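Chemist: One structure follows; several queries about it will come next.
The values are calculated or read from the model by the stated rules, or taken from the named source; none is laboratory data. Bear in mind the structure is a predicted one, so any value in this text is a computation, not a measurement. A quick note on method: Cβ atoms are made from the backbone with ideal geometry, for glycine too, and the neighbour counts reach across all protein chains shown. Please note that ligands, DNA and RNA were not included when accessible areas were found on the heavy atoms of the full protein model with its side chains. Shrake-Rupley method; radii C 1.70, N 1.55, O 1.52, S 1.80 Å.
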Amino acid sequence: QVQLVESGGGLVQAGGSLNLSCAASGKIFSSMGWYRQAPGKQRELVATIAIGGISNYASSVKGRFTISRAKGKNTVALQMNSLKPEDTAVYYCHAVSLPLVYWGQGTQVTVSS
C-alpha cells in the first residue's frame, strides 16, 4: 500500500520560512515533488526532484525554495524562505512510479501580510 504523509504546513508572516516534508512508503519513486493549489486557481508545479538529484522549480519560487531528497529514503523536503502572501495555498506531495502517479492529502500554507 502506497502512502504519502505530509507535514510542516502552517501560518507564517511574510518574509518568514517553513519546511515541508513528505514521507512516502510502499514503492520506489523515480520522481517526487510538490504542487500547490490556491483558491480559484489551477494546481501548479512548485518543485520536483528525480532519483539522480536533478531538480526543477517554478519560476515564481526559484531562488526562494529548495527541494531535497534524502539518500536511501523516500522522503522529500521543501525549504521555503522569503515567503510571500501569494505563496498561500494547499501544498500537495507528488510521487511517480510509472505508470502510476500518487498524491498526498495536502497541507495548508498560509502567509500573512
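Chemist: If we only count strands (runs of 3 or more DSSP E) wholly inside the stretch 1-74, which ones have 3 or more residues that are on the phi < 0 side of the Ramachandran plot and surrounded by 13 or more Cβ atoms within 10 Å (Cβ to Cβ)?
Modeler: Per the criteria, 3-7, 18-25, 31-37, 44-50, 55-57, 65-69.
Chemist: Among the residues of the stretch 93-105 satisfying the criterion of being more than 15 Å from Ile49 (Cβ to Cβ) and part of a strand (DSSP E or B), which is most open to solvent (accessible area, probe 1.4 Å)?
Modeler: Ranking the qualifying residues of the stretch 93-105, first place goes to Trp103.
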